[in-house]
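The values are calculated or read from the model by the stated rules, or taken from the named source; none is laboratory data. Bear in mind that the values here come from a model prediction, so they are computed numbers and not experimental data. All Cβ positions, even for glycine, are placed from backbone atoms using ideal geometry, and neighbour counts span all protein chains on display.
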Amino acid sequence: MTTSAASAGLLTCATCGLLNRVHHYTAARSRPTCGRCATPLHARKPHSLSRTAALLLAAYAFYLPANLLPILETVSVGRRDSDTILGGAIRLWLDGAWPLSIVIILASVVVPLGKLLALTWLLADVRFGGGSSPVRATRLYRVIDFVGRWSMIDIYVGGLLLALVQFHPIAAMTPGPAAVAFGAVVVLTLAASRCFDPRLVWDAHGARHG
């Protein structure tokens, strides 16, 4: 049977990283603090599951408009066109820019949805008993946390196109309403992955098999 750091009276400070040995506290000192920077110590991130669930629900709400509404609006010789994320990727593919099209589909459609589904699965796994392998669940969380930083690539590409295609009055590009929704999805999923505490996976596994 393994022993966790918290059960051994060891807590790591989230601010300065100091490993603190927590002794028996009296009622007046029910909340231990870091011995170096006085930050309150927690064995697990406070309200991790509820905060992660709230952020995921908000991200799901923004995901549909992010993919259904126009993300770029183009005016060229008096003609106005608007493209969704997927529509813009298809247009790039047809124009021969298939590597960029694949990058946009992966970074703007597949990765955000994959992160949402994976975090939802981790949340449900912890909430309903930790029936899966904690090693695989922890590895999945690390992958989610790693790929999250690349989710803004579509916004970067859009910003680059906006800067390049500005030839008034012949041609111009403006961001569509989906840009705000997509940015919200990225920020919310990043916040959700940071709020989720992967140590809860091991807690649930230990409670189930202990």
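Listed here are the residues, each with its yes/no results for (1) at pLDDT below 85; (2) under 21 Å from the mean Cα position of the chain (by Cα); (3) among the aliphatic types (A, V, I, L, M).
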{"position": "Leu92", "(1), (2), (3)": "yes, no, yes"}
{"position": "Ala97", "(1), (2), (3)": "yes, no, yes"}
{"position": "Leu100", "(1), (2), (3)": "yes, no, yes"}
{"position": "Ile104", "(1), (2), (3)": "yes, yes, yes"}
{"position": "Leu119", "(1), (2), (3)": "no, yes, yes"}
{"position": "Leu140", "(1), (2), (3)": "no, yes, yes"}
{"position": "Ile153", "(1), (2), (3)": "yes, yes, yes"}
{"position": "Leu162", "(1), (2), (3)": "yes, no, yes"}
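Based on what the data block shows, is Arg51 modelled with pLDDT of 85 or more, of a type in the set (Lys, Arg) and touching a helix residue (DSSP H, G or I) at 6+ places or on another chain (Cβ under 7 Å)?
On the way: modelled with pLDDT of 85 or more: yes; of a type in the set (Lys, Arg): yes; touching a helix residue (DSSP H, G or I) at 6+ places or on another chain (Cβ under 7 Å): yes.
When the stated conditions are applied, Arg51 passes them.
Considering only residues that are touching a residue at least 40 places away in the same chain (Cβ under 8 Å) and over 24 Å from the mean Cα position of the chain (by Cα), look in the stretch 54-82 and name the one that is surrounded by the fewest Cβ atoms within 10 Å (Cβ to Cβ).
That would be Val77.
Restricting the first residue to the stretch 8-21 and requiring it to be farther than 12 Å from Gly35 by Cβ and in the same structural domain as Arg199 (by TED's automatic domain parsing), which pairs with a second residue that is in a strand (DSSP E or B) and of a type outside the set (Gly, Ala, Ser) meet a Cβ separation below 7 Å and a spacing of at least six or different chains?
Partner pairs satisfying both residue conditions: none exist.
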